[in-house]
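Note sheet for the following structure.
FYI, it's all coordinate maths here, none of it is from the lab. Since the model is a prediction, treat every value here as computed from it, not as a measurement. Because the Cβ atoms are built from the backbone with ideal geometry, glycine has one as well, and the counts that use them run over all protein chains shown.
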């Protein structure tokens, strides 16, 4: 039988880097995300924007493709595509 102490989450390590999540994502937008891959993509974009310098902060098309290739390589059942303008 497993020891209960082994299953208790002990929290994050000290000095862990954090990424603030905008309140609208935790409110109405989260309700609209119905796919785990879409949520992962959204969180990665937020993390990338957090470390960017300057104004306005943005993610390039190339960076978006990199994010999607990482997510799509791990999620064989559902692929996310970028719509070209």
Inter-site label distance for residue 7 and residue 43 at 7 Å from Cα along Cβ, in nm | 2.2
Once both label points are put 7 Å beyond Cα along the C-beta direction, the residue 64-residue 29 separation in nm becomes 1.4
